[in-house]
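Undergrad: One structure follows; several queries about it will come next.
The values are calculated or read from the model by the stated rules, or taken from the named source; none is laboratory data. Every value quoted in this text rests on a predicted model; they were computed, and no experiment measured them. Here Cβ is always computed from backbone atoms with ideal geometry, including for glycine, and neighbour counts include all displayed protein chains. For accessibility, only protein heavy atoms count, side chains too; no ligands or nucleic acids. Shrake-Rupley method; radii C 1.70, N 1.55, O 1.52, S 1.80 Å.
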Amino acid sequence: MPSAKVLKNTQYIELGSYQYWPVLVPRGIRLYTYEQVPGFLRENPYITDGYRAYLTSRLCIKSLFILSNETVNIWSHLLGFFLFFSLGVYDMVAVLPMVGASREDYVIYSIGLFCFQVCMLCSVGYHLFCCHRSEKTSRRWMALDYAGISIGTLGCYVPGVFYAFYCNNYWRQVYLVMVLAMTLAEFFAQIHPLYLTKKWQKLRSVIFSSVVAYGLIPTIHWIWLSGGFSSEIVQDFIPRVFIMYLLAAVAFIFYISKVPERYFPGTSDYTTMTTHVLHRAVYLRSADAQLAAVLSVHVI
């Protein structure tokens, strides 16, 4: 049984419509149904329960340790941050020295790793503070999350372009400048007051999809410069590129179709919603990009 001191600072609440599932949470925090939360939190009507809302920054942080429909989102990104950090340290301490990596290789690998780490932390921040009582604060964290996605995408491009065009400095600079320009354009687009609204949700999806799809252009160019699909190096790396784009496509389809919760509303509020599938795909895509960067150092 909890001590009297604990009970004094906590209260029993119900998890939305789960009337017989009381949990012990900090005082001042409760969970709401979709109809009870403010409009800016109503992103997915098929997620019917488990919403945090009307919280101060302090209570947002405390809600990290309660079960809500954002718990998996928060902790999957937080654990993802530590996972990529561990993999990065291992690669730089054990793997890169073993393959004879140069200082330049360490810099490029570090850039990719840093971008993935920033992406993870920005998403942790958004999913943790999106329930803030101030809509303005919530939108700022959303903007930071989108910025993190852009930086994460940049982290996939930089090592790929750098090593794909390692022997062709002109095209390497052209494609790196283009990627950086698109990333900056995404940042500046967020300045528009309508960018983060539901009205522009489809436009946001088109912008991010276009940035990802742009990678097909340097990929096709690299295949041509390398001698086509019969080239050994193309045969080694093109399956990884295919896997990365396949994961991105699957994640995007799940995201826009809101599957599985569309067909089972209310049954996946805490476990298998669309964003959870999206995040797992992002992890696999990022991990594959990291591995490809290490293999590129070894091949070159």
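Undergrad: If you count only protein heavy atoms and use a 1.4 Å probe, how large is the accessible surface of I111, to the nearest 10 Å²?
TA: Roll a 1.4 Å probe over it and I111 shows about 70 Å².
Undergrad: Also: Any idea of V241's accessible area? Nearest 10 Å², probe 1.4 Å.
TA: 40 Å²
Undergrad: Right, here's the next one. What is the extension gain from T137 to W224, computed as 0.36 nm multiplied by their sequence separation minus the C-alpha to C-alpha distance, in nm to one decimal?
TA: 26.5 nm
Undergrad: With a point put 7 Å past each Cα toward its Cβ, work out how far V250 is from Y170 in nm, to one decimal.
TA: Spacing of the two 7 Å Cα→Cβ label points: 4.0 nm.
Undergrad: Another question about this same structure. Suppose accessible area is computed on protein heavy atoms with a 1.4 Å probe; arrange V177, V212 from highest to lowest.
TA: The ranking, largest first, comes out as V177, V212.
Undergrad: Amide H to amide H under 5 Å from R30: which residues, 5+ apart in sequence or cross-chain, H placed 1.01 Å off N in plane?
TA: Under 5 Å from the amide H of R30: A53.
Undergrad: Sticking with this one: Accessible area of F229, 1.4 Å probe, to the nearest 10 Å²?
TA: We get 140 Å² for F229.
Undergrad: Hey, what do the phi angles of region 87-93 turn into as Karplus ³J(HN,Hα) couplings, whole Hz, using 6.51/-1.76/1.60 and θ = phi - 60°, x for Gly and Pro?
TA: 4, x, 4, 4, 4, 6, 8
Undergrad: What FRET efficiency, computed as 1/(1 + (r/R0)^6) with R0 = 22 Å and r the Cβ-Cβ distance, is obtained for L184 and F114, rounded to the nearest 0.05?
TA: With a Förster radius of 22 Å, E is 0.80.
Undergrad: Then there's this: Order Y170, Y34, most accessible first, counting only protein heavy atoms with a 1.4 angstrom probe.
TA: Y170, Y34
Undergrad: So, in Å, what gap is there between the alpha-carbon centers of region 154-209 and region 222-258?
TA: Distance between centres, Cα-based: 18 Å.
Undergrad: Continuing with the same structure: Past the 23 Å Cα-Cα mark, which pairs from K136/K202; K62/K199; K199/K258; K62/K202?
TA: K62/K199; K62/K202
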